Amino acid sequence: LIPGVFVLKDMADAHGIVAAAATARRAVVLGAGVLGLEVATGLALRGISVRLVHIADRLMERQLGWEASAVVESSLRRLGIESHTGASLSRVITAKGKVTAVRLEDGSEVPTDMVVMCAGTIPETSLARAAGLPCDRGVIVDECMATGDAQIFAIGDCAQPPGGGRGLVAQGWEQARTLVGVLTGRSPAGEQGEVTSDVVRVKASGMAMVAMGICGDFDRSDPRYRVLSLKDPEGGRYVEVVVSGGHLVGATCIGDADVAATLSALYTRQLPVPSDPAQLMIRALSGGGVAAATRDPQDLADADHVCNCNTVTAGQIRHAIGDGCTTVKDVAAATRATTGCGDCTGLVEGLLSCHSASTDQPEATPATQGACHE
Ligand SMILES: Cc1cc2nc3c(=O)[nH]c(=O)nc-3n(C[C@H](O)[C@H](O)[C@H](O)COP(=O)(O)OP(=O)(O)OC[C@H]3O[C@@H](n4cnc5c(N)ncnc54)[C@H](O)[C@@H]3O)c2cc1C
């Protein structure tokens, strides 16, 4: 890569970007998917003026509909990030070995000191191709994770299952469990049942955002779905919930971390939604009802998932704590919880606090029972 042009695949890349950001005043981020938004906001918070160049006609087009994308775009603008949708980069311009600008396909030039490419990853399939396995974008596999050769299997980002790869840690674990079942002929030990692994979170400082299940560009008039939304573009907030059969089957939440966490919990735990689904948003926004009930570590049932990336339940974490884990790091080493996107760290801390509160005060009184709420 030209000096000043970066990708973000591993820690070394991240260190390179951070080092360049120390002296850069302007940056171009190519691609407004999850990673592009995380990089753009990270750079903006370092005081860099950021241009986000995205080929699709709206931001995060796989997860966001038009209205949600518009809310994100104005939130980004408030953070100092200017978005160019429907645009693509044709050339990086350099002078004396340094990046000075990029040229977009419409011929316009955007001055910049650095470029970060977040335009997606391509699975490394060369070994599979050389072995004669059918490959498309990734290594093609069936529902059992078998490739074109029945004795060779593929899981994780390199695999292309019938429904497509999501590029998320949780899908890899789901596939690993499936494969264990296929190879041993029985359910893998510690199997947690069906897990919903399509919750996409943007971990961008200054802009909470989560999308799950049915979201983005879908048919909102489909009679199977009841779709409710709240829009507050001025406040940078947008919430849409999609309910079907008494459960949350999709949601998009921008600008409110608490509501996002509540909706994620309802979706992944498949809790029944209130008969009036509007309460999902109204009660959640007011900080009561469903929100409080689903996010308190004390209320988690043992079967509830805490770490969705690694499908770790509250029961497994309690067990690890009972076995002597006293810190989040211990719990991570014992269960893998928190080692994916890290979103569940607060819940793990809460479970640790609940445990220490109960062991510090073995005879809980009404006054001490609520200690871990504080
Ligand atoms: C910056 C970034 C942030 C991310 N954030 C999240 C997130 O918040 N949540 C989430 O769920 N997902 C996230 N992801 C995606 C997540 O990292 C991947 O889905 C996950 O790592 C896939 O696991 P894997 O084991 O399939 O592949 P990888 O983690 O890529 O591991 C594959 C390994 O195989 C090695 N390898 C390749 N070819 C060969 C060969 N021929 N021989 C031997 N070894 C080989 C590679 O070097 C690599 O070490 C993120 C990804 C990136 C890049």
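The values are calculated or read from the model by the stated rules, or taken from the named source; none is laboratory data. Predicted model, so just to flag it, every value in this text is computed and none were measured. Here the Cβ is made from the backbone with ideal geometry for all residues, glycine too, and neighbour counts use every protein chain on show. Note: areas computed on protein heavy atoms with side chains; ligands, DNA, RNA excluded. Shrake-Rupley method; radii C 1.70, N 1.55, O 1.52, S 1.80 Å.
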Legend entry - Surface share of carbon and sulfur [accessible, 1.4 angstrom probe, percent] for the chain: 52
Legend entry - Two-decimal log10 I(q)/I(0) for the chain, as the Debye equation yields it once each C-alpha is a single scatterer, q = 0.06, 0.08, 0.11 Å⁻¹: -0.27, -0.48, -0.91
Inset, instruction - Report the residues of region 60-79 in range of a label on Glu234: point 7 Å along Cα→C-beta, backbone N strictly under 20 Å from it. - result: 67-79
Inset, instruction - Determine the order of Ile81, Ile282, Ile122 by accessible area, beginning with the largest, at a probe radius of 1.4 Å. - result: Ile122, Ile282, Ile81
Legend entry - Global form of region 24-124, assessed from the alpha-carbon gyration tensor, a/c cut-off 1.5: prolate
Legend entry - Antiparallel content of DSSP bridges confined to the chain, in %, to 5: 70
Legend entry - the chain - mean residue ellipticity at 222 nm from DSSP helices (-39,500 (n - 2.57) per run, n ≥ 4, rounded to 500): -9500 deg cm²/dmol
Inset, instruction - Decide, for region 134-184, between rounded, prolate and oblate: order the square roots of the alpha carbon gyration tensor eigenvalues as a ≥ b ≥ c, take rounded if a/c falls under 1.5, and otherwise choose prolate if a/b is larger than b/c, else oblate. - result: oblate
Legend entry - Rounded if a/c under 1.5, otherwise prolate or oblate - region 110-247, Cα gyration tensor axes: oblate
Legend entry - Dipole magnitude of the chain about its Cα centre (Cβ charges: Lys, Arg +1; Asp, Glu -1), debye to nearest 20: 1060
Inset, instruction - Among the listed pairs Lys203/Lys231; Lys96/Lys203; Lys9/Lys96, give every one whose C-alpha distance is greater than 29 Å. - result: Lys96/Lys203
Legend entry - Sites matching GluC sites (Glu not before Pro) across region 50-149 that sit in DSSP coil, with at most 15 neighbouring C-beta atoms within 10 Å: Glu105, Glu124, Glu143
Legend entry - Qualifying aspartates and glutamates (Cα of each under 12 Å from Cα of Lys98; at least 8 residues distant if same chain): Asp113
Inset, instruction - Can you spot the aspartates and glutamates whose alpha carbon is less than 18 Å from Lys329's alpha carbon? Ignore those fewer than 8 places along the same chain. - result: Asp343, Glu349
